[in-house]
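K.L.:
Please see the structure below; I have some questions.
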Amino acid sequence: MAAQNTGNGAYWREHLKLLGILLVIWFTVSFGAGILFAEPLNQFHLFGFKLGFWFAQQGSIFVFVALIFVYAALMRRLDKKHGVED
């Protein structure tokens, strides 16, 4: 294991910024597209289903799983940048 430099303030600022951005995306897709904007989105169809319904039932789950992979990739890059990699 490499020596960890977790006391670096820049690392934690970037980490929290990344988390904030991904949480906003997650909230917007799950709550916004699935609940708040469901009626306007229902004017469009995806795979034969109304888009608002699709986001509420399936789309938010797909986006959440994609965000997990994006988070892992971006954290790997951030760790390398700050010398905190395993």
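K.L.:
Would you point out the residue of segment 20-37, among those that are surrounded by fewer than 13 Cβ atoms within 10 Å (Cβ to Cβ) and not aliphatic (A, V, I, L, M), that is nearest to VAL70 (Cα to Cα)?
P.N.:
Applying the filter and picking the extreme gives GLY20.
K.L.:
What pairs come out if I take residues in segment 71-86 that are free of Cβ contacts under 8 Å to residues at least 60 places away in the same chain and pair them with residues that are surrounded by 12 or more Cβ atoms within 10 Å (Cβ to Cβ) and acidic (Asp, Glu) whose C-beta lies under 6 Å away, six or more apart or interchain?
P.N.:
These pairs meet every condition: ASP79/GLU85.
K.L.:
For segment 38-86, enumerate the residues that are surrounded by fewer than 16 Cβ atoms within 10 Å (Cβ to Cβ), of a type in the set (D, E, K, R) and at pLDDT 90 or above.
P.N.:
Listed by number, the residues that qualify are GLU39, ARG76, ARG77, LYS80, LYS81.
K.L.:
Next up: Residues in segment 30-86 that are in a helix (DSSP H, G or I), within 23 Å of LEU16 (Cα to Cα) and among the small types (Gly, Ala, Ser): how many?
P.N.:
Residues meeting the conditions: 6.
The values are calculated or read from the model by the stated rules, or taken from the named source; none is laboratory data. Given the structure is predicted, the values throughout are model-derived calculations rather than measurements. Using ideal geometry, Cβ is built from the backbone for each residue, glycine included, and neighbour counts are taken over all protein chains shown.
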